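For reference, the structure is listed below as structure tokens.
Every number in this text was worked out from the coordinates using simple rules, so none of it is lab data. For clarity, every value in this text was computed on a predicted model and none was experimentally measured. Here the Cβ positions follow ideal geometry from the backbone for every residue, glycine too, while neighbour counts run over all protein chains shown.
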Amino acid sequence: MRYVRLLLVATPLILVALPAAAQFGPQGPPAVGVIAAERRSVTETSEFVGRIEAINRVDLRARVTGFLQERLFREGQEVAANQPLFRLERAPFEAEVARAQAQVASAEAELTNATLNLNRARELMRSSAGTQQRVDEATAQQRTAQANLLGAQAALRVAQINLGYTEITAPVAGKIGRATYSVGSVVGPNSEPLATIVSQDPMRVSFPVSLRTGSELRDRYASRGGSDAVRVRVRLPNGQLHGAAGRIDFIDPQVDRSTDTVLVRAVIDNPPIEGVGMGTADRPLIDGMFVSVFVEGAEPVQAVVIPRAAVLQDQAGNYVFVVDGENRAQRRGVQLGRSIADQVVVEGGLEGGERVVAEGVQRVRPGQPVQPGPVQPPTVRPGAQGAPQG
């Protein structure tokens, strides 16, 4: 009996020490955090992988054969259009110009003499001392002399052009690469390129877009001006966002059959990096660079935005739980748009203003009563919703 009394005395103490849940079990409907599905200004963004391309890429070649006499640039520097870059030995070409000038002078003298002979033959013909045959012969000689003069003048022009080819200038502005040949080498039209120039500003970014995504983008922006309603941003390999935005200037009319994609190209400014002198890497965009490409609307649009954690998925698709006026959770199918950090744009299924379960969603069943409570919405920086952050 003494042991029974001790057990009866200890039992209330044990019950007091146990938590409330252990004493009474689950208490009513589950508590969930809800957030209002808000309409807000959103910059719609689609991400792709692209490659930077120079608008102009020129291989410099010798147009005539000769000794490479001078190199007038530093490898890797930026050069201006028409800036001299190489000089070939000029003396042989100057001599050829002088010889051609002498031939022109000789042809001019022959033409002058033939013209005098023709005039003399015509005068004799008028005085009956000459013959028609003599006039015809003088006319042929004069025309031959004229043709010889034209040929000599053409040869002089060719010699002058070849002399001009001894100075090789930059056809476009851009950055020049390494020189293939050293001073003293013999170069000519069949030689390898002397160097390559790639333009620097602006640059192009090319990226493939699947047909499905391309159709979605076309339908989304068709009523807003098409390609004029979007801008293109790029993220560099170091993770930084390039400061300048570009515009689409070309969409390939043919589909790549191997990938079922269409090539899209945009033009983007590539100004020098502040505080960096003219060197080998003074601009952020480099020809051939792989980058992340963001196609975003030029103007923000009003869209329903909810936390990404509120969205569930099963075989029927994406859905959320909406708390109705009786505090019951109702399943609602949604069509999702682009993600914005930890939030997502809802393109269909919600009109805005609904109470969406954002916390405790795993404990909710369709039609089940819930205890809704507020959830602190995530902070989104004004004016930057949906835009990639650098």
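Structure notes:
- Treating each Cα of the stretch 41-160 as one equal point scatterer and applying the Debye formula with no solvent, the log10 of I(q)/I(0) at q = 0.13, 0.15, 0.17, 0.18 Å⁻¹ comes out as -0.77, -0.86, -0.96, -1.00.
- Distance from the Cα centroid of the stretch 26-65 to that of the stretch 125-181 is 61 Å (rounded to whole angstrom).
- Applying 0.36 nm per residue to the separation of N318 and R51 and subtracting their alpha-carbon distance, the gain on full extension is 92.8 nm.
- Gyration tensor verdict on the stretch 90-165 (Cα atoms; rounded if a/c is under 1.5, prolate if a/b is larger than b/c, oblate otherwise): prolate
- Ordering of 306-318, 228-240 by packing [mean C-beta count within 10 Å, highest first]: 228-240, 306-318
- Taking N as the residue count of the stretch 164-238, its C-alpha radius of gyration divided by 2.2 N^0.38 Å amounts to 1.89.
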